[in-house]
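Report on the structure given below.
Rule-based calculations on the coordinates, nothing more; no lab input. None of the values given here were measured: they were computed from a predicted structure. We place every Cβ from the backbone using ideal geometry, glycine too, and count neighbours over all the protein chains shown.
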Amino acid sequence: MSAQMVTANRLQDGIVVYLAQDGKWATQFESGELLADKEAAEAALAVAEESVKACQVLSVYLIDVETENGKPKPTSTREHIRASGQPTVRAEVGSWTGRIGD
């Protein structure tokens, strides 16, 4: 099993968050706890589910993570986009078909 991390969205504002080692939610990908095995992943998911019940986060799931130069990095394009914290569409540019008139 490759390393994993627990991610979710903060219920208050929809921001992507990662479960840190202290059981709190961090907005920085690098602050998420790397989970090396199935038992650690299951324990972290149990902690995360308590946050769901407390209405702190939603959409809790595990993501695959690799380390590169000693730093964690998401393995999927989707999670790379979520970890960047950047929008996928720039409002000043509009859609790929061109800006919609007002």
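Listed values, structure above:
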{"quantity": "Amide H partners (placed H, <5 Å) of residue 11, local residues excluded", "calculated": "57, 58"}
{"quantity": "Neighbour-count ranking [beta-carbon atoms within 10 angstrom, fewest first] of 7, 67, 75", "calculated": "67, 75, 7"}
